[in-house]
Amino acid sequence: MDSLIAIAAAILYVLAIVTIIPGLVHQVGIRTKTVLVSAVLALAFHAWLLSDLILSGSGQNLSILNVASLIGFIISLFMSIAMLKTRIWFLLPVVYGFAAINLSAAAFVPTAFITHLEHNPKLLIHISLALFSYSTLSIGALYAIQLAWLDHKLKNKKALTINPNLPPLMMVERQLFKIILIGTGLLTATLLTGFVFVQDMFAQGKAHKGVLSFLAWIIYSVLLWGHYRKGWRGKKVTWFAVAGATLLTLAYFGSRFVREIILS
């Protein structure tokens, strides 16, 4: 049953992607209703799949593939809501593509990492903050890449016309820093709850998570300070945002990928 749900969700994500791409390539109108309906149905099937994969009878299966699929769902949900207010067509194929890949991997490559969060609500709070902070700052990295691409297009003398399906550069920049500000706040709360609620946060095998997350927090804090106090813009912003997201990816998935996927 999970396989059929995963296939249905993946097909719907792909349908949304193939509806968007012609508008980006040929600078024609994008059928927003088709994209929205496909995305909503894909998200519904994706949520159904996650409930089956994670909420097992013996606890919560927070394997690396299930967590990656959950993060893909969170990002896709936020970006689908944002689609109603702003032109983020450039990012949606990437977001939906990763969501389809992640949910397929979780459904067809079963792995297990059973936890019992019902007995530890403090840990549940910490993990929830970590998931939302990572998802938010990953969206920030995507916005930073889009910002760099739009800046390159505007500086390219051959680009005489800008695709009407793309958002204005300054709007993307404003949204980028709002997202990073929110994400950094969530990351701060994640680190604080980690220190308070996770007793063995810096124990052997876990220390790298705390260290890399704290380094990412420093990078984002410096980026925000540099932008609001020194007026940082352009490529420097992109590098900082991508570097922070990379450190968080290594912190959250690095050792578990080796342990659950490579060595399993």
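The values are calculated or read from the model by the stated rules, or taken from the named source; none is laboratory data. From a predicted model like this one, the values you see are computed outputs, not experimental measurements. We place every Cβ from the backbone using ideal geometry, glycine too, and count neighbours over all the protein chains shown. Surface areas here come from the heavy atoms of the whole protein model, side chains and all, with no ligands, DNA or RNA. Shrake-Rupley method; radii C 1.70, N 1.55, O 1.52, S 1.80 Å.
Looking at (1) open to solvent by less than 60 Å² (accessible area, probe 1.4 Å); (2) without any contact (Cβ under 8 Å) to a residue 12 or more places away in the chain; (3) closer than 26 Å to V172 by Cβ, which is the one condition that is false for S38?
Against the list (1) open to solvent by less than 60 Å² (accessible area, probe 1.4 Å); (2) without any contact (Cβ under 8 Å) to a residue 12 or more places away in the chain; (3) closer than 26 Å to V172 by Cβ, S38 comes up short only on (2).
Could you list, in sequence order, all residues of region 1-17 that are over 17 Å from V95 (Cβ atoms) and open to solvent by 40 Å² or more (accessible area, probe 1.4 Å)?
Answer for region 1-17, where residues must be over 17 Å from V95 (Cβ atoms) and open to solvent by 40 Å² or more (accessible area, probe 1.4 Å): M1, D2, S3, L4, I7.
Would a scan of region 182-193 turn up a residue that is among the aliphatic types (A, V, I, L, M), surrounded by fewer than 16 Cβ atoms within 10 Å (Cβ to Cβ) and modelled with pLDDT under 95?
yes
Looking at this structure, is K153 touching a Phe, Trp or Tyr at 6+ places or on another chain (Cβ under 6 Å) and surrounded by fewer than 16 Cβ atoms within 10 Å (Cβ to Cβ)?
Spelling it out, it is not the case that K153 is touching a Phe, Trp or Tyr at 6+ places or on another chain (Cβ under 6 Å) and surrounded by fewer than 16 Cβ atoms within 10 Å (Cβ to Cβ).
Please go through region 230-264 and give me each residue that is in contact with an Asp or Glu (Cβ under 9 Å, 6 or more places away or on another chain) and either assigned by the TED database to the domain that holds P110 or at pLDDT below 90 (or both), ordered by number.
Correct list: R233, G234, K235.
Which of the residues that make up region 81-135 are free of Cβ contacts under 8 Å to residues at least 12 places away in the same chain and of a type in the set (G, A, S)?
Residues satisfying the conditions are A82, S128.
Right, A8: in contact (Cβ under 8 Å) with a residue 40 or more places away in the chain and closer than 17 Å to F98 by Cα or not?
On the way: in contact (Cβ under 8 Å) with a residue 40 or more places away in the chain: no; closer than 17 Å to F98 by Cα: yes.
In short, no.
Could you grab me the full set of residues in region 69-113 that are within 11 Å of the chain's Cα centre (by Cα) and open to solvent by less than 30 Å² (accessible area, probe 1.4 Å)? I'd like the intermediate steps shown before the answer.
Just the residues of region 69-113 that are within 11 Å of the chain's Cα centre (by Cα), to begin with: 69-79, 94-96, 98-99.
Matches in region 69-113: S69, I71, G72, I74, I75, S76, M79, V95, Y96, A99.
Look at region 194-226 and say how many of its residues are open to solvent by 30 Å² or more (accessible area, probe 1.4 Å), in contact with a Gly (Cβ under 6 Å, 6 or more places away or on another chain) and either outside the structural domain of A144 (by the TED database) or modelled with pLDDT under 85 (or both).
1
On the given criteria, is W149 over 18 Å from the mean Cα position of the chain (by Cα), in the same structural domain as V172 (by the TED database) and in contact (Cβ under 8 Å) with a residue 40 or more places away in the chain?
The answer is yes for W149.
If you check I20 against the conditions, is it open to solvent by 60 Å² or more (accessible area, probe 1.4 Å), closer than 28 Å to T249 by Cβ and more than 17 Å from the chain's Cα centre (by Cα)?
The answer is no for I20.
Considering every residue within region 93-104, establish whether at least one is outside the structural domain of G254 (by the TED database) and farther than 23 Å from A144 by Cα. Write out each step before concluding.
Initially, region 93-104 is screened for residues outside the structural domain of G254 (by the TED database), giving 93-104.
Those left that are additionally farther than 23 Å from A144 by Cα: 103-104.
Checking region 93-104: at least one residue is outside the structural domain of G254 (by the TED database) and farther than 23 Å from A144 by Cα.
What are the residue pairs meeting all of these: first residue in region 227-244, first residue in a helix (DSSP H, G or I), second residue not aliphatic (A, V, I, L, M), Cβ atoms under 7 Å, and 6 or more apart or on different chains?
H227/F177; V237/H227; A241/G140; G244/Y220
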